[in-house]
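Below is one structure, written out as structure tokens; the observations come after it.
Any read-out appearing in this document is the output of simple, stated calculations on the displayed coordinates, not a laboratory observation. Model, not experiment: these values are computed from the prediction. Heads up, the Cβs are rebuilt from the backbone with ideal geometry, glycines too, and the neighbour counts pull from every protein chain shown.
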Amino acid sequence: MKRHFVFALVGMVSMASPSWAGASSPSESVSVTPISLVEGLKAFDAICLANFPNESAFQTSVQASPLKFKRVKDGASATHNKWRSEFASAIYVRQNGNWPISVLPQCNIEFLVDPASTDDEIVRALDRTLEARLGAEPSRKQVKFGVRWKWRQNRRRVHLDLIRNDRTSAGQVTLSLQPN
């Protein structure tokens, strides 16, 4: 059985109940056309890593993205700033009634890659992306649900979790940045 991956920069609280549950769940927002892991990580870097936690910069970066996102307006628009393209979805979560303010805001990017991508390829690509953006490799350790990276960004502690999840589509990658 092929492994499925969900990448998330999430707090321990989110492990039990993902913040994108409901109106912005990954299964409803995942793209239909696979892109390369490099392209997906470039989008994550430009839209989330470079701008977090600035929502205005998020929106400007999404609009300028070569992935050609279009704004999604739905019942969650008061709490989520959602964008979709043929290749990816991008969601900025301002608030969520079930979550403590300490895990917000969030910047989420989701895309499909070749389902044959291995753990090692994905981890190495994330290492390179984070090192290029941060100027140094953040701390990384193996945890029971995958791999965790931690660092400080804009005077805030954040972390990245690599989570294996059999409920996601083959090749689905979700990257979610938020405070620790």
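Students often get this wrong, so check it: of K73/K144; K42/K141; K82/K141; K68/K150; K68/K144, which have C-alpha atoms separated by over 25 Å?
Numbers: K73/K144 37 Å; K42/K141 23 Å; K82/K141 31 Å; K68/K150 30 Å; K68/K144 37 Å.
Result: K73/K144; K82/K141; K68/K150; K68/K144 exceed 25 Å.
Return the loop-located GluC sites (Glu not before Pro) in the range 45-141 (DSSP other than H, G, I, E, B) with at most 16 other Cβ atoms within 10 Å of their own Cβ; answer none if there are none. Can you show the working numbers first?
Details: sites: E55, E86, E110, E121, E131; in loops: E86.
Those satisfying the criteria are E86.
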